[in-house]
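Engineer: Take this structure, written in structure tokens, and hold onto it; I'll ask about it next.
The values are calculated or read from the model by the stated rules, or taken from the named source; none is laboratory data. As the structure is a prediction and not an experimental result, all values here were calculated from the model. Cβ placement follows ideal geometry from the backbone for every residue including glycine, while neighbour counts extend to all protein chains displayed. Note: accessible area is taken over every heavy atom of the protein model, side chains too, but ligands, DNA and RNA are not part of it. Shrake-Rupley method; radii C 1.70, N 1.55, O 1.52, S 1.80 Å.
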Amino acid sequence: MSLPSKATIIEVGPRDGLQNEKKFVPTHVKIQFISLLKEAGLSEIELTSFVSPKWVPQMKDAQQVIQAFSLQQPTNNRHIVLVPNEQGLTKALEENCQSVALFIGVSNSFNQHNINKTTAEALHQQLPLMEKLKERNAYVRTCISTSFYCPYEGKISPDKTVELCAHFVEAGVTELSIADTIGMANPKDVFTLFSALKRAFPTVLLNAHFHDTRGVAMANIYACLQAGVTRFDSSAGGIGGCPFAKGATGNIATEDLIFMLDEMGVQTNVNREKILEAVSYIEPYLSHPVSSKQYRLYQLAKQ
């Protein structure tokens with residue numbers, strides 16, 4: 001068994017976790033939730049996204065959330081903001097955001113359902129945004145959706161995902177976040193694709209983003225570790241999903257991921273008890289109960 005000594009967790013709960021909530025979570029609650037996550041030791045957090053309130057109303061307070069943390073940008077922290085297009089990027093730059101996430105699907109069908117563009121058209125739109133960000137020396141994270149499976153097209157060839165990633169690497173991307181958008185990947189798929197990506201792009205940061213739709217996300221994380229990947233998206237409480245991907249359920253729970261990594265001796269520098277406190281704080285504002293394994297044990301211990 002060969003495992004890395006440490007791993008980095010990118011917390012996506014405030015953005016990817018809350019974007020699917022039907023009931024608007026008050027801005028002050030989001031800000032406090034993020035503050036609790038930061039207190040737990042999470043240094044890289046997706047705070048929000050500058051998307052159309054018409055399509056994702058939960059993110060309509062992006063400006064207020066960003067401004068609450070705009071002065072808290074020490075070198076060991078990264079506040080990530082997702083933008084879908086030129087308008088979103090303009091807003092992010094107006095708020096002096098230094099870490100920006102773009103997104104694109106490998107699948108044509110997914111892109112057409114999501115942003116009404118083919119993959120080629122989406123790529124044509126994204127690369128100029130990358131150029132603007134690189135001119136500002138920004139940290140650019142590109143989220144590659146449907147990297148393994150598409151809800152409309154089925155299994156995606158690893159070569160197709162690598163080919164799309166190559167365009168962003170050539171343009172100077174800092175990090176590639178490879179997403180199992182509908183939770184269909186298995187550990188063999190994961191090891192194969194990430195091994196190929198490591199060979200193709202040895203100097204680019206690789207990050208894994210799993211949805212636990214079929215209960216194998218943790219096994220997929222283990223396959224990533226075996227492939228040498230040490231950066232993982234997760235969401236406190238396992239909240240979230242994709243409003244544009246049929247069948248996508250919640251993200252892997254941060255507290256469950258920390259437990260597994262800690263037990264295997266992979267250092268994260270994140271306090272699991274404090275993550276559970278953050279989950280306990282946000283749960284009353286959610287439209288559904290939190291069901292992560294560690295949170296259930298946490299609740300039982302408090303009874």
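Engineer: Quick test for you: out of Arg78, Arg15, pick the one residue that is in contact with an Asp or Glu (Cβ under 6 Å, 6 or more places away or on another chain), within 29 Å of Gln226 (Cα to Cα) and surrounded by 22 or more Cβ atoms within 10 Å (Cβ to Cβ).
Structural biologist: Unique residue meeting the criteria: Arg15.
Engineer: In the stretch 92-116, which residue that is closer than 12 Å to Thr48 by Cα and not aliphatic (A, V, I, L, M) is nearest to the chain's Cα centre (by Cα)?
Structural biologist: Selected residue: Ser99.
Engineer: Right, something else. Looking for something under 26 Å from Gln87 (Cβ atoms), touching a residue at least 60 places away in the same chain (Cβ under 8 Å), open to solvent by 10 Å² or more (accessible area, probe 1.4 Å) and in a strand (DSSP E or B) - is there at least one such residue anywhere in the stretch 143-155?
Structural biologist: Checked the stretch 143-155: at least one residue is under 26 Å from Gln87 (Cβ atoms), touching a residue at least 60 places away in the same chain (Cβ under 8 Å), open to solvent by 10 Å² or more (accessible area, probe 1.4 Å) and in a strand (DSSP E or B).
Engineer: If a residue has to be assigned to a loop (DSSP other than H, G, I, E, B) and of a type in the set (A, V, I, L, M, F, W, C) to count, how many in the stretch 25-54 make the cut?
Structural biologist: Within the stretch 25-54, residues that are assigned to a loop (DSSP other than H, G, I, E, B) and of a type in the set (A, V, I, L, M, F, W, C) number 5.
Engineer: Now a separate question. Taking the condition without any contact (Cβ under 8 Å) to a residue 40 or more places away in the chain and in contact with a Leu (Cβ under 9 Å, 6 or more places away or on another chain), does Phe69 pass?
Structural biologist: Against the criterion (without any contact (Cβ under 8 Å) to a residue 40 or more places away in the chain and in contact with a Leu (Cβ under 9 Å, 6 or more places away or on another chain)), Phe69 qualifies.
Engineer: Further question on the same structure: Those residues that are in a helix (DSSP H, G or I), open to solvent by 70 Å² or more (accessible area, probe 1.4 Å) and touching a residue at least 12 places away in the same chain (Cβ under 8 Å), I need them from the stretch 275-303; list them, please.
Structural biologist: Glu277, Tyr285, Lys293
Engineer: Related question: Could you run through the stretch 207-234 and say how many residues are in a helix (DSSP H, G or I) and among the aliphatic types (A, V, I, L, M)?
Structural biologist: Looking only at that region, the number is 6.
Engineer: Residues in the stretch 108-126: is at least one among the basic types (Lys, Arg), over 21 Å from Ala236 (Cβ atoms) and open to solvent by 70 Å² or more (accessible area, probe 1.4 Å)?
Structural biologist: no
Engineer: Let me ask something else about it. Testing Glu170 on (1) open to solvent by less than 40 Å² (accessible area, probe 1.4 Å); (2) among the acidic types (Asp, Glu); (3) more than 19 Å from the chain's Cα centre (by Cα), one condition comes back false. Which one is that?
Structural biologist: Checking Glu170 against (1) open to solvent by less than 40 Å² (accessible area, probe 1.4 Å); (2) among the acidic types (Asp, Glu); (3) more than 19 Å from the chain's Cα centre (by Cα), the one that fails is (1).
Engineer: Another one. Please go through the stretch 230-240 and give me each residue that is in contact with a strand residue (DSSP E or B) (Cβ under 6 Å, 6 or more places away or on another chain) and surrounded by fewer than 24 Cβ atoms within 10 Å (Cβ to Cβ), ordered by number.
Structural biologist: Arg231, the sole residue that qualifies.
Engineer: Limited to the stretch 187-202, what total is found for residues that are surrounded by fewer than 15 Cβ atoms within 10 Å (Cβ to Cβ) and either closer than 18 Å to Glu175 by Cα or under 19 Å from the mean Cα position of the chain (by Cα) (or both)?
Structural biologist: Counting residues in the stretch 187-202 that are surrounded by fewer than 15 Cβ atoms within 10 Å (Cβ to Cβ) and either closer than 18 Å to Glu175 by Cα or under 19 Å from the mean Cα position of the chain (by Cα) (or both) gives 4.
Engineer: Just to verify a result, which residue in the stretch 248-269, among those that are open to solvent by 20 Å² or more (accessible area, probe 1.4 Å) and more than 17 Å from the chain's Cα centre (by Cα), is nearest to Ala236 (Cα to Cα)?
Structural biologist: Phe259
Engineer: Criterion first (in a loop (DSSP other than H, G, I, E, B), closer than 30 Å to Gln267 by Cβ, of a type outside the set (Gly, Ala, Ser) and in contact with a Ser or Thr (Cβ under 8 Å, 6 or more places away or on another chain)) does Asn96 satisfy it?
Structural biologist: no
Engineer: Testing Asn114 on (1) closer than 22 Å to Leu47 by Cα; (2) at pLDDT 95 or above, one condition comes back false. Which one is that?
Structural biologist: Single failed check for Asn114: (2).
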